[in-house]
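Participant: Supplied in structure tokens, the structure appears directly below.
The numbers here are math on the coordinates, done by the rules we state, and not lab data. Remember, predicted model here, so these are calculated numbers, not experimental data. Methodologically, a virtual Cβ is constructed for each residue, glycine included, from the backbone with ideal geometry; neighbour enumeration extends over all protein chains shown.
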Amino acid sequence: MSLREENLNVVLAELLAERGLNALGEVILKKRGRRAEPDVLLLLNGVRIVVEGKKPGMWDQLVSECVERVDNNVCDLCVMVEYADIRAERLTLTQSDIKQILLKSRFNIGFVSYLDRATLGKSHFKPDKYQNVNFDDLITYLMAVYNRVVREDIIEPVVSKMDEVLSEFASKTAPLVDIERLKEALELREKEDEDAE
């Protein structure tokens, strides 16, 4: 028997919530006139995390959707979950049965963060794929990537790059500048002139 992705996503959100994470399944977000519909939305200390879940064979679509979520500012971190070996052995299942199936299942997972998109550029992004991951390991990976995202210093590299560009500009233009003319244009006076007044 095949389980619907939406149902798996809602149950995954419930399991994450039971582990203490603020998770909602199959939510609709309105963002700048567009509707974003992440499979699972987590809010962890101000970091917005989206989990996208798909059935086997949909890995490339997962990557594409997660990259789009990050690029469109829907989230800071997007988690790809491929439900690798979900099997329902009975025709009728309760939500409790589906929880047990997910807890015993294996997943293929990957992550995309705004850091990945900023540092690796927009094209040719290929996330690491962790295969055969159980539910507990999924949470461990999620928390490790979350920690990397919140601890990464994104300001220092930008400041360094700005300093590098400004220094290069200054070194190239300094020989071309007439200092006396610049002082006159900026109405700068020598210290003795100021003291005399």
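Participant: So how do 165-171, 80-86 stack up, highest first, on mean other-Cβ count within 10 Å?
Facilitator: In descending order of packing, they fall as 80-86, 165-171.
Participant: Taking other Cβ within 10 Å of each residue's Cβ, how do SER160, SER64, SER113 sort, fewest first?
Facilitator: SER160, SER64, SER113
Participant: Only sites in a loop by DSSP and with at most 13 other Cβ atoms within 10 Å count here; which trypsin sites (Lys or Arg not before Pro) in region 44-87 make the cut?
Facilitator: ARG87
Participant: Moving on. With a 10 Å Cβ neighbour count serving as the proxy for reagent exposure, in which order, fewest first, do VAL47, VAL10, VAL159 appear?
Facilitator: VAL159, VAL47, VAL10
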